[in-house]
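Read-outs: derived from the displayed coordinates by stated rules, not from any lab. The model shown is predicted, which means the values in this text are computed figures rather than measured ones. Quick reminder, even Gly has a Cβ in these numbers, built from the backbone with ideal geometry, and neighbours come from all protein chains shown.
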Amino acid sequence: MTTTGRRPLEGASRRPTRRGVASPGFRRARTPADAALLLIGACFVLPLLWLVFASLDTTAGYRTQLPASASLDNFAAVLTPELLLGPLWNSLLLSAGTATVTLGAAVLAAYPLSRFQSRFNRPFLYSILCGTCLPITAIMVPVYGLFVQLRLLDSLPATVLFLAATSLPMAIWMTKNFMDAVPVSLEEAAWVDGASGLTALRSVVLPLMRQGLGVVFIFVFIQTWGNFFVPFILLLSPSKQPASVSIFSFFGQHGAVAYGQLAAFSILYSVPVLVLYVLVARGAGGSFALSGAMKG
Amino acid sequence: MAERRTVRRQLRLLPVVPSVLLLLLFLAAPVLWSFHASFTNAALTGRNARNPAWTGVENYVRLFSDSAFPAAVLLTIVFVVASAVVGQNLLGLLIAGLMTRARKPVSAVVGTAVVAAWVLPEIVAAFAAYAYFSKDGTLNQLLGNAGAAGPDWLYAYPMVAVVLANIWRGTAFSMLVYRAALADVPRDISEAALMDGASGWQRLVFITLPLIRSSIATNLMLVTLQTLAVFTLIWVMTAGGPSNASTTLPVLAYQEAFKFGDIGYGTAIASVLIVLGLVFGIAYVRLLKGDKR
């Protein structure tokens, strides 16, 4: 099945179907299904066209048009320390910091939840699950108040801790599921040798769930990288703001909006998460395959 | 001996402490603080910022007599139902269903296009949607080519624009959920129904949908909650305007608290949202628990 994806379209239609005689209905419906899907796909791509065209067009506005003369001037113009590199660095600090704190706390929390029976486990896990349902936009007003009282406003580490807390519920659930897939029998040898739980966690469990850990890390990283509202409220000084907030510097600075540069900035800011998403999409497949192999 | 064992048992829970502290300080405390502050006249600046006074239910009374609040509740319901429950949910199911029939390369390409809108940072997606719906944006250019003069969507029909934009942005999630669910439906069951002469609709209604019932419930719950919290998309596209025509609860809470500096009133609105989220959350947990039995 892996080779079919690389075949040209025309070849695929003439290829005899492998589904056998029982599915003439499925095969007959293919062409309309293809057409409908392509139409939907086109609707999803359309809003992105402006982004691509405008980034290459030095005279771009909100009209979507093929640039008269495509140039990389917009990209060159935003590739400065103040406009792009500084904000991206801040985004990196925020995202990597949040993902690290989240993963560390989630691994520690998931271990007893996954390995030891306790009457606290289920209530804890379910109240955490409930916590994932808190609308983040609703708690920003009280969080702002909290940060003012604790004098934590405009502090990168405090923002990292808050972002870590918001992504923890999901991360604990994911980490616990990945950890459940590592058989306890593998740790028992370490326990017999007198290793404590945490030593067994570090030397036996974590190496076996490396891919799962990667998925959780990247998942939190992508979420934080794209987050606009939280840094927008909690970080005040421009030198600390990540790219999601500094993007507004393209508005009204000199009266007019630099659309072309805005688009170029957006693209450069999006590339890292697009790459990471591809990685996680593959990593998830890999780790599911891994757990499947162990069960079998 | 027994005592030592209980101590050791409790020590086992020690690694959970960092997570619990983070969650208590940054999620539980703000929620409690929100309920408390909503009964005060706390403000962003001035005298009330330093010494907020207890005002009882005044904020809530004001909330229900303020015409902006019921309007925002209504707009939030419209936004959630139209863009999440109907739009994202049905379109996601439709795309996933079509994918089981379409050729593999077509599904792969279209799947990537749908996911791209979802993976983009929210602020970038919001700008792209703004450009798309703006007066001489892509949508009106397309309509112009077809011979129709498009309206200025963001002013004339702001809710239509933000609902469509949110469908564009969020459908990928439902699509992924339903693709996984449909992949788990045993093929022989629906082939058996096909042999028995069931039409496509009958197979969908009587076989596929009941089999993926729990995925549908979970997905509805999650997209509803995600959409309830949407702020950036609306704020960038319309900023809640024109004249509050697209002000949903998160936008209203933001405006009251940060633009007008009325933290007390803002937290009252936020508290309503939090209660809504918790109600959905408890229902969601119930649903999952019931599922396991």
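See the values below:
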quantity	calculated
Integer Hz, Karplus 6.51/-1.76/1.60 couplings in order for segment A:119-132, x for Gly and Pro	6, 7, 3, 5, x, 4, 4, 6, 6, 5, 4, 4, x, 5
Long-range HN-HN contacts of B:Thr40 with modeled amide H, under 5 Å	B:Thr55
Residue-by-residue Karplus 3J(HN,Hα) for segment B:245-255, coefficients 6.51, -1.76, 1.60, Hz, glycine and proline x	5, 10, 8, 8, 4, x, 5, 5, 4, 4, 4
Shielding by partners - mean other protein chain Cβ count within 10 Å, residues of A:142-155	4
Axial C-alpha extent at least 27 Å, average Kyte-Doolittle at least -1.0 - helices from chain B (DSSP)	B:158-184, B:263-292
Full-extension gain in nm, B:Val17 to B:Ala156, via 0.36 nm per residue minus C-alpha separation	44.8 nm
Theoretical ellipticity at 222 nm over the protein assembly as shown - DSSP helices of four or more residues, -39500 (n - 2.57) apiece, nearest 500	-21500 deg cm²/dmol
Spatially proximal aspartates and glutamates relative to A:Lys240 (Cα-Cα < 12 Å; intrachain offsets below 8 disregarded)	A:Glu82, A:Asp154
In Hz, Karplus ³J(HN,Hα) per residue of segment A:91-96 (6.51, -1.76, 1.60; θ = phi - 60°; x = Gly, Pro)	4, 5, 4, 4, 5, 5
